[in-house]
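Every number here is computed from the coordinates shown, using simple stated rules; none is lab data. It should be emphasised that the depicted structure is a prediction, and the values quoted were computed from it without experimental measurement. Here the Cβ positions follow ideal geometry from the backbone for every residue, glycine too, while neighbour counts run over all protein chains shown.
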Amino acid sequence: MNAFLRWWRNLWRRPAASVRTDAGPAGTGSGAAPRVDSDDLAPRTPHRRHYTAPAADDDPQREARLGAVLQALGGGSLGRDELAARLGAADWEPGRLDAVVAHGVASGVLLETADGGVRARYAD
């Protein structure tokens, strides 16, 4: 494991022989000091890190609506039409119920049944 870490760290380091020297024209003595490129002297700047969360969903009430869906599913599995009627989802924006159900399925608290219905994963 340590060998792998050493290899990974050394992979991105500059080689030690990055100082450039010019010997000058052929036949002349090289008594002058080696010429160093200014890029070699510049300090390395670390890569910028991004400590931001992913973009929030456009529905700030998604968790509250997911809670309402879970409450409605307390009695068992329901079809989407019956679920929408119990929740009053006709007053929601178009596609909101599907987005909330998709979020519930993705987060693992809802399951879709074979007949297109929805049920809570953890029923009391």
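What ³J(HN,Hα) values, in whole Hz, does the Karplus curve 6.51 cos²θ - 1.76 cosθ + 1.60 give for region 88-93 when θ = phi - 60°, with x put for Gly and Pro?
Per-residue couplings from phi come out as x, 5, 5, 7, 6, 5 Hz.
All other residues with a Cβ under 10 Å from the Cβ of Ala72 taken together, and with Lys, Arg as +1 and Asp, Glu as -1, what is their net charge?
On the way: positive: Arg86; negative: Glu82.
So the surrounding residues net to 0.
Could you list Thr45, Thr113 so that the one with the fewest beta carbons within 10 Å of its beta carbon is first and the one with the most is last?
Thr45, Thr113
Give me the net charge of Ala90's neighbourhood, meaning all other residues with Cβ under 12 Å from the Cβ of Ala90; Lys, Arg count +1, Asp, Glu -1.
Values: positive: Arg86, Arg96; negative: Asp81, Asp91, Glu93.
The answer is -1.
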